[in-house]
Amino acid sequence: MNWNEFRETPHRRWNPLLREWVLVSPQRSQRPWLGQVAKPAAFPQIEYDPECYLCAGNARSRGLRNPAYKTTFVFDNDFAALLPDVPEGKFEKDGLIVARTERGICRVVCFSPRHDLTIPRMRPEEIRAVIDTWTDQYRELSALPWVRHVEIFENRGALMGASNPHPHCQIWANEELPNLPAREQTAMSEYRQAHDTCLLCAYLRLELESGERIVCENEGFVALAPYWAGWPFETLVLSRRHFSSFAGLNEREKNDLADILRRLTIRYDNLFETAFPYSMGFHQQPTDQSEHPEWHFHAHYFPPLLRSATVQKFMVGYELLAGPQRDITVESAAARLRNMPETHYLDRIVGDFEASAKGDVNKK
Ligand SMILES: [Zn+2]
Ligand SMILES: [Zn+2]
Ligand SMILES: [Zn+2]
């Protein structure tokens, strides 16, 4: 079959990073929706919230208080999922009931003292400060001899379980490679052995040749809807140059990363004119003190919305029991994101209002 015949035909696509199939059912995308409708996500209206435990100067739990920070602010999570001081231990019964102790450090990074800002509404230099913080944190945590993996991730919106709208992300550093990075590690490592080149460098070349899944790009980075995406508007941010972690970013690429994250998330917010919820995070080389030439720095965005600000995709039923499945094709999702304006809809409304107000003045 040629590629065009696939567009309207149920088919499976191969995810070479996780080495699994994704079921694509493009013929189903017009079915009526009678399921749950979520509340559209609104932006917080206030720059400072006296009740917010992330706002500058406010009290957190256990008698701690945030400093009057001006840019970014990092602290150890007051309710950390992982703790650094855990005695080493294991438990095993017939290879079926197995446990290992796990050490780790969980931190929170506030992106800005402004309660109402998010990445798509921050200025490039403000996002650059966040990237510098991520870089510093990666360097500091990866230097600890027992830390083998650093995960930097952001949950945005109540739909993704974010408990506080104040712009922030989390960093979890731990002793062992978690499941998904471990699977990508194996895939990239075996691809390199078999082809003597990087899996994601090779994949990016194919995507740049075709262009149909590209969302936006700059000198240092490309944001695209991966061929194997499971979530409706899932994207992958790839560096053009091959390097394996935040420690490998050069000065220009740090600005390019700020630019691409901003332009991608503005498109997301503009798509349904809402504070677009997502989980995003960076995948970087294991921090086990060895070289990882197979690793290619990248970020994944997994947004749950499907067809409007209120209709979300549920990974349930077949997805939980068999494997991921999607209805709208990756190519149509990429085209919709690509065609979004690069001015945030909230700024556009203000801009239009100012323009029309000026127009009125001119008429008089
Ligand atoms: Zn706040
Ligand atoms: Zn590469
Ligand atoms: Zn990845």
| field | Three-way shape call for segment 172-238 based on the alpha-carbon gyration tensor, with the a/c threshold at 1.5 | value | oblate
| query | Just the C-alpha atoms of the chain: what Rg/Rh do they give, with Rh taken as the Kirkwood radius? | reply | 0.98
| query | How many nm is it between the label spots at ASN77 and GLU291, if each spot is 7 Å from the Cα in line with the beta carbon? | reply | 3.4 nm
| remark: Gyration tensor on Cα atoms of segment 1-128, a ≥ b ≥ c root eigenvalues, a/c under 1.5 rounded, else prolate if a/b beats b/c, else oblate, says oblate
| said: Quick test of your reading: applying the under-4.7 Å Cβ rule, which cysteines of the chain are isolated? | reply: CYS106, CYS110, CYS169, CYS216
| Shape category assigned to segment 238-280 from the gyration tensor of Cα positions, a/c cut at 1.5 | prolate
| query | Using helices alone, what [θ] at 222 nm do you get for the chain, with -39,500 (n - 2.57) per DSSP H run of 4 or more residues, divided over all residues and rounded to the nearest 500? | reply | -9500 deg cm²/dmol
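Here, each number is a calculation from the coordinates, and none is a lab measurement. Because the structure is a prediction, the values reported are computed rather than measured. For neighbour counting, all protein chains shown are included, and Cβ atoms are generated from backbone atoms with ideal geometry for every residue, glycine included.
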